[in-house]
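One structure is given below, encoded as structure tokens.
Nothing in this text is a laboratory measurement; each read-out follows from the coordinates by a stated rule. Note that the structure is predicted; figures quoted are calculated from it, not measured. Every residue, glycine among them, receives a Cβ derived from its backbone with ideal geometry; neighbour counts consider all protein chains shown.
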Amino acid sequence: MSKNRILIVNHIFWPDNINTARHITELADELSYRSWNVSVLVGNRDYRSNEIIGSNFEKRAEVKISRVFIPKFSNKKNAGRLLTSLWLIFSFAFKLPFLGKFDAIVLGSNPPFSFFLAPYLKLINRNTKLFLWSFDLYPDAIYASKNANSIFFGKLLNKITVFCYKNLDVLVDIGPCMKYRLKKYVANNITTETLTPWSFVEQTVKDEIHIPTRNMLFGEANLTLMYTGTIGHAHEFDNFLALARILQKKNASIAFCFAGFGKKINELKSLCNSNDINISFAEFVNSDKELNERLSSADIMMVSLKDNWSGISVPSKFFTSIGTGKPVLYSGAKDSAIESWIREYNLGFHLTKDNIDLVSIKLIDISNNSHLINDMKSNCLESYKNTFSKKYICDKWSTLIWNTIHIDKSIL
């Protein structure tokens, strides 16, 4: 393969370690490993700390990094996030002509509305193939907030969104439910592809349980369930709490732990009381070592998404779960990608308000028979390796970009 030039554009990148930054960083690394000439254009602030990171120009192995300055807007407020998005879109537009020509440009969906760059990119280089990897869907996320002013503003963006999407060559979603939502924006001439995120921790065999962490988080429970990651507006926990309380009444040897961060963590804690002795909480961990130890302590991972957020986002913790051999207990819409994958590959359980008793019975059976959970874990590892692994997805990315560039060239 010749050294075709690829530019990846995203808000955040290494050394930032939140999920989107890590996925974009690993995609750049993997494409470079597959002999692509990769550059990235990103912001210069860490998302959580808001401190400046990296240099204006640097290299990570063979990946060339260009960073644009971002003022210290607050990422904790809507106004600050909007200002950051607008600043980055204009800064990227100013910087792009000075970076040279590329065979393909991949836009990440962070900052929100990054696709506003699409018409401009086609204007300055109509031969460059333009991709959008949609992790989060805008303006649909504005509608999901149920704020009247936001909904009105979001509707005004629909026509702009359709116009911008017309300039894409390939639109990459992360699940069938997102692909369905995108239909209202996508012209027939645009190629669409589903390429999911992957787990940052990938295992080939079932992990050894880190006993000290398991005892600290779950006590002596036979079966352990964990929720890890963001706890925010898009997530719901009523079904998990109802399930935990039913199991507590049945004296089941099953424990729950919520380990994460986000806008709703304190609200979730306030919903629990002194009678919820099978529920615990843990803080966010920064190192992969601590993450591995924590993940090893859980038998089943909990994943949730409110029904009205289905297709707007697909929680990356689902891929972390099966990538580490953990079945999934999913609370969310029936028409979601996660529900369909759980059903298709037998990766766990779909929890609804109508089947809580049934799921509680199944979990009690599993807690009393270790062979059942071991078989489920083995199936998750095999399904992940064959369908969702980093190697599998990045191979497909490389093939998709190559075919998009060279099939069109062969026609010309």
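Would you grab the residues whose amide H sits under 5 Å from the one on Y227? Only those 5+ places off in sequence or on another chain, please, with H modelled 1.01 Å from N.
C257, F258, A259, M302
At a threshold of 8 angstrom on Cα-Cα distance, excluding pairs fewer than six apart, so keeping six or more, what relative contact order does the range 211-365 reach in percent? Could you put the intermediate results ahead of the total?
Working: 240 pairs, mean separation 40.7, N = 155.
Relative contact order for the range 211-365 comes out at 26 percent.
Percent relative contact order of the range 1-125, based on C-alpha pairs within less than 8 angstrom and at least six residues apart? Provide the component values of the computation, followed by the final result.
Numbers: 201 pairs, mean separation 35.1, N = 125.
Relative contact order here is 28 percent.
Can you give the helix-only mean residue ellipticity at 222 nm for the chain, where every DSSP H stretch with n ≥ 4 adds -39500 (n - 2.57) and the sum goes over all residues, rounded to the nearest 500 deg cm²/dmol?
On the way: 15 runs with 173 residues, N = 412.
It lands at -13000 deg cm²/dmol.
Quote the charge dipole size of the chain about the Cα centre in Debye, to the nearest 20; the model charges only the Cβ of Lys and Arg (+1) and of Asp and Glu (-1). Please list the in-between numbers first.
Numbers: 50 positive and 38 negative charges, 303 e Å.
The calculation lands at about 1460 debye.
Could you please state, rounded to a whole Å, how far the C-alpha centre of the range 232-264 is from the C-alpha centre of the range 17-57?
Going from one Cα centre to the other spans 34 Å.
What is the Cα centroid distance between the range 81-129 and the range 179-199, reported in whole angstrom?
After rounding, the separation between the Cα centres reads 19 Å.
Using the reciprocal of the averaged 1/r over all distinct C-alpha pairs, how large is the Kirkwood radius of the range 254-412 in Å? Don't skip to the answer; put the middle values down first.
On the way: mean 1/r = 0.0560 Å⁻¹.
Taking the inverse mean of 1/r over all distinct Cα pairs, the range 254-412 comes out at 17.9 Å.
Suppose we keep just the DSSP beta bridges with both residues in the chain; what percent of those would be antiparallel, to 5? Mind showing how you got there, number by number?
Values: 6 of 55 bridges.
In the chain, approximately 10 percent of DSSP beta bridges are antiparallel ones.
Expressed in nm to one decimal, what extension gain is obtained for the pair N251 and T204 from 0.36 nm per residue of sequence separation less their Cα-Cα distance? Write out the running numbers ahead of the final one.
Numbers: separation 47, 0.36 × 47 = 16.92 nm, distance 3.44 nm.
Extra length from N251 to T204 when fully extended: 13.5 nm.
If I take every Cα pair under 8 Å that is 6 or more residues apart in the chain, average their sequence separation and divide by the length, what percent do I get for the relative contact order? Could the numbers behind the result be given before it?
On the way: 724 pairs, mean separation 56.2, N = 412.
Contact order relative to length: 14 percent.
Mind ranking 174-185, 312-323, 55-66 by how tightly packed they are, going by the mean number of other C-beta atoms within 10 angstrom, highest first?
Numbers: 174-185: 18.4, 312-323: 25.8, 55-66: 14.5.
Sorting 174-185, 312-323, 55-66 by mean packing, highest first, produces 312-323, 174-185, 55-66.
Tell me, what ³J(HN,Hα) does each residue in the range 313-325 have, in order and in whole Hz, if you take phi through Karplus 6.51 cos²θ - 1.76 cosθ + 1.60 with θ = phi - 60° and put x for Gly and Pro?
8, 10, x, 5, 5, 4, 6, 4, 4, 6, x, 10, x
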